[in-house]
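See structure below.
The values are calculated or read from the model by the stated rules, or taken from the named source; none is laboratory data. Quantities reported herein were computed from a predicted structural model and do not represent experimental measurements. Virtual Cβ from ideal backbone geometry, glycine too; neighbours counted across all protein chains shown. When the accessible area is computed, the model is the full protein with side chains, heavy atoms only, and any ligands, DNA or RNA have been set aside. Shrake-Rupley method; radii C 1.70, N 1.55, O 1.52, S 1.80 Å.
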Amino acid sequence: MPGGDDLVARDRRCVMHPYAAPISSAPLFAVERAEGVRLTLTDGRELIDGMSSWWAAIHGYAHPALTAAISAQLGRMSHVMFGGLTHAPAVELCEALVALTPEPLTRVFLADSGSVSVEVAIKLALQFFIARGQPEKRRLISALAGYHGDTFGAMAATDPVNGMHHLFRGALAQHLFAEAPGPAFDAPWSPDALSSMAALLERHAHEVAAVILEPIAQNAGGMRFYHPQYLRELRALCDRHGVLLIFDEIATNFGRTGELFACHHAGVAPDIMCLGKALTGGTMTLAAALCTEQVAATIAGNEPRVFMHGPTYMGNPLACSAALASVRLLLASPWRARVSAIEAQLRRELAPCRAIDAVADVRVLGAIGVVELKQPVDTARVQPAFVERGVWLRPFGKLVYTMPPYVIEPGELSRISEAIVGVVSGL
Ligand SMILES: *Cc1c(COP(=O)(O)O)cnc(C)c1O
């Protein structure tokens, strides 16, 4: 297929990429098609996808059920404003999300991206306390190694070092950061695991609206998996101190960690929960913030009574149809068996990395496999090495990791594991 080199050259003249220099000659690959677990480059090369396009494409690409749902909706209505209007795709999706998420969550705000759903979650927490006559409760407690998105509100709750907060001093809300949650997911429980969190709550609860956390798996901030007991004790602490609990499930939602939602590992419900990424199975951008009846009723029952948010493309019918089809497809599939088979295979096949000098740690949870190195990897060098081995992986920092589509076949997953072991051995 002609045009790949030309496309890359044209891209370099005007297109910016995520977390990249705005003018860059870093390796870039032009994709022609994506189907199942394969990306086809414009030069004809096929890559097995180990990234699910950042946690999203859990069913693989171009799944006929998702394509059909979006096409059918396109024929009826691609978009209408959501102020004063509603439609079946949004109502059915919100009903499904309320039914699937922990019971106290009853109200859904549809947002256009994960970061925006985090903004909405923060705003819900602040408006809850404004409505209760406690406007001084406007700070958050977050955790080190967390990641909550790239907009200013979400960035302020992200790890201050990874999020380069020093660059934006004066423009970011000043939140409080507890030690990264621990111990590890399968390590013995340690009773002092919440000491830093407990101390912050003790000292600052009077000015704190909410604790925000990625449950069980911290993702872009370090790919760390922590103990479910942490969440149970955190829930009790938040209740004791009159602070709301926000779970950011944007990366972990819809089965990725082995449970439908990561908070199910702990049997704990938050007051506010963010969903995104895999919500539409990787087809369209859509996210959601859910809250309890208590949060919704408190805001509705007090001045100014309205919730102050409303994106232009809120509740986009195409995205809602895609999400509804994706959720139904997931629930009708043997997703739990697939994720646990991926987990077992990754544990087995990534284990040899432990013997490699450059490797600091290997960890696997659900359909997430992580090899942490002692030194940061040079992505510009390592990325093409993976492409040469026929797989698509995108390491960052010290982390080489995979979160493949759930439909990946064992032979395909072995290609990803072999590429990781091979490339990491050569570092
Ligand atoms: C990706 C991510 C976000 C941000 O979502 P976007 O859709 O990229 O804005 C927020 N929180 C977590 C945990 C994420 O993984």
> Nearest 20 debye, what's the magnitude of the dipole of region 242-361 about its Cα centre given +1 on Lys and Arg Cβ and -1 on Asp and Glu Cβ?
Replying inline: 420
> Nearest 20 debye, what's the magnitude of the dipole of the chain about its Cα centre given +1 on Lys and Arg Cβ and -1 on Asp and Glu Cβ?
Replying inline: 240
>> If you take every DSSP beta bridge fully contained in the chain, what fraction is antiparallel? Give it as a percent rounded to 5.
In response: 70
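Measuring with a 1.4 Å probe in the full set of protein chains, what accessible area per residue, in whole Å², belongs to the chain? All intermediate terms of the calculation are to be shown ahead of the outcome.
On the way: 18260 Å² over 427 residues.
About 43 Å² of surface per residue is accessible.
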> Looking at region 1-85, which chymotrypsin sites (Phe, Trp or Tyr not before Pro) are in a loop (DSSP not H, G, I, E or B) and have at most 10 other Cβ atoms within 10 Å?
Replying inline: 19
>> Per q in 0.13 Å⁻¹, report the Debye log10 I(q)/I(0) for region 125-269, using one uniform scatterer on each alpha carbon and no solvent.
In response: -0.54
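For region 81-168, compute Rh as the Kirkwood radius over C-alpha pairs and then the Stokes-Einstein diffusion coefficient at 10 °C and 1.306 mPa s; write the answer in µm²/s, rounded to an integer. Show your work: numbers first, answer last.
On the way: Rh = 15.2 Å.
In µm²/s, the coefficient rounds to 105.
What value, in deg cm²/dmol to 500, does the helix sum -39500 (n - 2.57) over DSSP H runs of n ≥ 4 give at 222 nm once divided by the residues of the chain?
Numbers: 13 runs with 154 residues, N = 427.
After summing the helix terms and dividing by residue count, I get -11000 deg cm²/dmol.
Only loop residues by DSSP count here, and only those with at most 14 other Cβ atoms within 10 Å; note down the trypsin sites (Lys or Arg not before Pro) in region 122-152 that meet that. Could you put the intermediate results ahead of the total?
Details: sites: 123, 132, 137, 138, 139; in loops: 132, 137, 138.
Answer in residue order: 132.
What's the Cα-based Rg to Rh of region 142-203, Rh via Kirkwood?
Numbers: Rg = 13.3 Å, Rh = 12.7 Å.
With Rg and the Kirkwood Rh in hand, the quotient comes to 1.05.
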> If each Cα of region 67-332 is one equal point scatterer, what is log10 of I(q)/I(0) from the Debye formula at q = 0.16 Å⁻¹?
Replying inline: -1.22
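Share of the chain's accessible area from carbon and sulfur, percent, 1.4 Å?
Values: 10370 of 18260 Å².
Ligands and nucleic acids excluded, carbon and sulfur reach 57 percent.
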> By how many nm would the segment from residue 26 to residue 341 lengthen if fully extended, with 0.36 nm per residue of separation less the alpha-carbon distance?
Replying inline: 109.9 nm
> In nm², what is the average projected area of the convex hull enclosing the Cα atoms of region 1-118?
Replying inline: 10.7
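On alpha carbon coordinates alone, what is the Rg over Rh value for region 279-337, Rh being the Kirkwood radius? Don't skip to the end; give the middle numbers.
Working: Rg = 15.6 Å, Rh = 13.9 Å.
Ratio value, two decimals: 1.13.
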> What is region 67-332's relative contact order, in percent, from Cα pairs under 8 angstrom and six or more apart in sequence?
Replying inline: 30
